[in-house]
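*Asks:* The structure follows.
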Amino acid sequence: MKDQNAALQQRITMLQAYIVKMPALSPTVSKVMITCRNPEASPTDLSRIINMDPVLMGKIISLINSAYYGFQQKITSLPHAIIMLGMNTIKNLVLSTAILSNVNTLENEQTLDMDAFWQHSLSVGVTAKMLAEKRGVRQNLHETYFVAGLVHDIGKIPMNNRLPVIYAQALEVAEKRQESLYRAEKRVVGIDHAAMGALIAEKWRLGKEITDVIRHHHELPDYQGEHEELVMTVALADYIANILGLGFSGNKYAEKMPPEILQRLHIPHAEFKEVAGAVRQELEKAKIFLGLA
């Protein structure tokens, strides 16, 4: 038992060291986050910061003009885009673009199929945003739901990259026991992807709301924080993506969603079915997001 505990601790230390060495988000992204937290900041302030990074600005303009938003007229002015979409939406576009760019520079092993992983992640983001729309969440917050869904499983990446053989064993244990992957991760690795993802979120200063989603999306009954609706919505979106088989993040035996979650989110069962039916169509439009970001 002593040797086993030492091995588990060694794995956790290796993963923590991996996260420490992960590239930080760019200074431009940090300035965007700080600016958008300032209630006195203006669209001009935000535009000036993004313009300092031509590559990032080009990606944001491309995304705004993609099928993901479906504007009929092409938008070439960043200040115009900020006024149309709002500062929070642009902030989340900058954030998700930066995260995907950083992650794609990392060396990936093949324990997880990364194409399937990102398709699952994108599906959760799209579904969470759709659920937010159904529930009447303010429009300027919709992209927060998308980003939170997109990155909810980001903690699997260090495990996949740093401990591919051990992580493959966790996948085998989940299959053998027919249990959720996060439980198998705790058994085999010594820590689950939610805890690992929270460390990444803290390193990148993604904000309390997204950090809470990453850390608690498998701990719904125990979560008592201020972002309950966001955490529960992303968890429900994760469940929907799993039961529809949209992509694959290694979680073949996802746990059933507690029925009280639908009640607490005020989502009638009929609307739940309607959302599930519309996800595939919306996903096709959103796939361009991964390519452009």
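*Asks:* Out of region 129-151, which residues are closer than 26 Å to T28 by Cβ, part of a helix (DSSP H, G or I) and not acidic (D, E)?
*Replies:* Passing the criteria: K129, Q139, N140, L141, H142, T144, Y145, F146, V147, A148, G149, L150.
*Asks:* Can you name the number of the only condition in (1) touching a residue at least 40 places away in the same chain (Cβ under 8 Å); (2) surrounded by fewer than 17 Cβ atoms within 10 Å (Cβ to Cβ); (3) closer than 28 Å to A278 by Cβ; (4) not hydroxyl-bearing (S, T, Y) that P164 fails?
*Replies:* If we test P164 against (1) touching a residue at least 40 places away in the same chain (Cβ under 8 Å); (2) surrounded by fewer than 17 Cβ atoms within 10 Å (Cβ to Cβ); (3) closer than 28 Å to A278 by Cβ; (4) not hydroxyl-bearing (S, T, Y), just (3) comes out false.
*Asks:* Given (1) outside any helix (DSSP H, G or I); (2) at pLDDT 95 or above; (3) over 17 Å from T111 (Cα atoms), identify the lone condition not met by I154.
*Replies:* So I154 meets the others, but not (3).
*Asks:* Can you tell me which residues in region 1-48 are outside any helix (DSSP H, G or I) and not small (G, A, S)?
*Replies:* Answer for region 1-48, where residues must be outside any helix (DSSP H, G or I) and not small (G, A, S): M1, M22, P23, L25, N38, P39, E40.
*Asks:* If I ask for residues that are loosely packed, with under 11 Cβ neighbours inside 10 Å and either of a type in the set (A, V, I, L, M) or at pLDDT below 90 (or both), which ones from region 39-53 would you list?
*Replies:* P39
*Asks:* Scan region 95-107 and give yes if some residue there is at positive phi, assigned by TED's automatic domain parsing to the domain that holds D53, modelled with pLDDT of 90 or more and surrounded by 14 or more Cβ atoms within 10 Å (Cβ to Cβ), otherwise no.
*Replies:* No.
*Asks:* Quick one: L112 ticks every box in (1) crowded, with 20+ Cβ neighbours inside 10 Å; (2) assigned to a helix (DSSP H, G or I) bar one, so which box is it?
*Replies:* With respect to (1) crowded, with 20+ Cβ neighbours inside 10 Å; (2) assigned to a helix (DSSP H, G or I), L112 is out only on (2).
*Asks:* Against the definition (in the same structural domain as L131 (by TED's automatic domain parsing), in a helix (DSSP H, G or I) and aliphatic (A, V, I, L, M)), how does A254 come out, yes or no?
*Replies:* Criteria not met by A254.
*Asks:* Can you pull out the residues in region 55-97 that are over 21 Å from the mean Cα position of the chain (by Cα) and not in a helix (DSSP H, G or I)?
*Replies:* Matches in region 55-97: N65, G70, F71, Q72, Q73, K74, I75, T76, S77.
*Asks:* Quick one: which residue in L230, L199, L181, L244 is within 19 Å of K21 (Cα to Cα) and either touching a residue at least 40 places away in the same chain (Cβ under 8 Å) or surrounded by fewer than 24 Cβ atoms within 10 Å (Cβ to Cβ) (or both)?
*Replies:* After applying the criteria, what remains is L199.
The values are calculated or read from the model by the stated rules, or taken from the named source; none is laboratory data. These numbers come from a predicted model, not from an experiment. Cβ sites come from the backbone with ideal geometry, for glycine too, and all protein chains shown count toward neighbours.
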